[in-house]
Amino acid sequence: MTKARTIANLGTGFVNISDSGTEGTKVASGTTAQRGSTAGQFRFNSTTGKFEGRNNSSFVTLEVTPTVTSVDDAEVDSAGGGNQTFVITGTNFSSGDIASFVGTDASTFNASSTTVNSATQITAVVPKSSFINSKEPYDIKIATSGGLSGVLENSVSVDNSPTWSTSAGSLGTIGITSGGNHFTLSATDPDGDSVTYAVQSGSLPTGTSLSSAGVISGTVGGSAATFSFTVRATANSKTVDRTFTITTELTNYFGDGSDGALNTTP
């Protein structure tokens, strides 16, 4: 019958120890507070859950390199305000890992919080304003406490909503029966994407329409009134709404405030 024995009760002076077993060799295991102070010691740290070895001055953790394979949200509206949460997928994630984002100019910032959900998932929260349009696309980097890191290149782009140039409120007054182009709405996109326009609610003056280029045109009909409507400007997948009004009035043929009807009273 074979009896398991420990080096402690076999004495000292063993050289080039060879374990011929198949299950594995048990090494010292203990908390961070139970570390020794002798160079060359190798142990399992039950506090960190990692193997570590001591050099001449400190313990060095033995780690595996993390990999980053995907992220659930690859686009940020940096002008949108608030935070954006990223769920990052990969391998070999462990407690103490930090998520950071690297711009095309090599500038780097850390997530405001990094939560290691499992060995294959990390949740990172970042203020949207941290991303700068001119530095996209950003790499995602996961770094371990021991200095190892995995990177997913060109994984996050910046796409901001367009900005209205045309002020909200009254666009002006047009006469009934007037035709042609009456007003042109304008919004710009910080990414340089083309902007299209569409009425979302309300109504334009009778007989007019809004083109995708933002031009309100047509021959005005109906009666004098004020029309209120909301227009959505869209650039790529981002949108911004604005509400306008247009007033229509009867055309004044005589220029004296009358409606142009003949007065047959003697």
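Each value in this text was obtained by applying a stated rule to the coordinates, not by laboratory testing. No experiment lies behind these values; they were computed from the predicted model shown. FYI the Cβ positions are ideal-geometry reconstructions off the backbone, even for glycines, and counts take in every protein chain you see.
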* Which label belongs to the value computed from this structure, given these candidates for Cα extents along the principal axes in Å: (1) 136, 39, 28; (2) 55, 37, 32; (3) 63, 43, 40? -> (1)
* For the chain, what is the charge dipole size about the Cα centre, in debye to the nearest 20, if Lys and Arg each add +1 at the Cβ and Asp and Glu each add -1 at the Cβ? -> 1520
* Of 152, 210, 133, whose Cα points farthest to the positive end of the dipole of the range 129-232 (charges on the beta-carbon: +1 Lys, Arg; -1 Asp, Glu; origin at the Cα centre)? -> 210
* **Rel. contact order, % - alpha carbon contacts under 8 angstrom, at least six apart, the chain** => 13
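Counting Lys and Arg as +1 and Asp and Glu as -1, each charge on the Cβ, what is the dipole of the range 10-122 about the Cα centre in debye, to the nearest 20?
760
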* Asked: Rounded, prolate or oblate: which fits the range 96-195 when a ≥ b ≥ c are the square roots of the eigenvalues of the alpha-carbon gyration tensor, with rounded for a/c under 1.5 and prolate only if a/b beats b/c?
  -> prolate
* Let me know the shape class of the range 15-104, please: from the alpha-carbon gyration tensor, a ≥ b ≥ c as square roots of the eigenvalues, rounded when a/c is under 1.5, otherwise prolate if a/b is greater than b/c, or oblate. => prolate
* Asked: What list of whole percents do you get for P(r) of the range 111-266, with Cα-Cα distances grouped in 10 Å bins up to the one holding the largest distance?
  -> 9, 26, 19, 15, 12, 9, 5, 3, 1, 0, 0
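How high is the relative contact order of the range 81-185, in percent, counting Cα pairs under 8 Å that sit 6 or more residues apart? Walk me through the numbers on the way to the answer.
Working: 171 pairs, mean separation 25.6, N = 105.
Computed over the range 81-185, the figure is 24 percent.
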* Magnitude of the Cβ-charge dipole of the range 43-181, K/R +1 and D/E -1, about the Cα centre, nearest 20 debye? -> 420
* Asked: Once both labels are modelled 7 Å past Cα along the beta-carbon direction, what's the residue 245-residue 51 spacing in nm?
  -> 7.7
* Full extension from residue 89 to residue 62: what is 0.36 nm times the residue separation minus their Cα-Cα distance, to one decimal in nm? -> 7.5 nm
* May I ask which residue of 92, 58, 78 lies farthest towards the positive end of the charge dipole of the range 46-107, with charges of +1 (Lys, Arg) and -1 (Asp, Glu) on Cβ and the Cα centre as origin? => 58
* To do: Quickly work out the residue 107-to-residue 193 label distance, labels modelled 7 Å from Cα along the C-beta direction, and quote it in nm with one decimal.
  => 2.3
* Across the chain, where is the longest run that never hits trypsin sites (Lys or Arg not before Pro) in a DSSP loop with at most 12 other C-beta atoms within 10 Å? -> 27-266
* What is the gain in length, in nm to one decimal, between residue 213 and residue 128 on full extension, counting 0.36 nm per residue of separation less the C-alpha to C-alpha distance? -> 27.6 nm
* Three-way shape call for the range 1-158 based on the alpha-carbon gyration tensor, with the a/c threshold at 1.5 -> prolate
* For the chain, share of DSSP beta bridges that run antiparallel, in % to the nearest 5 -> 85
* Structure fact -> Relative contact order of the range 1-141 (C-alpha contacts under 8 Å, at least 6 apart) in percent is 17
* To do: Of the options 192, 166, 69, report the single residue whose Cα projects farthest towards the positive end of the charge dipole of the chain (beta-carbon charges: Lys, Arg +1; Asp, Glu -1).
  => 69
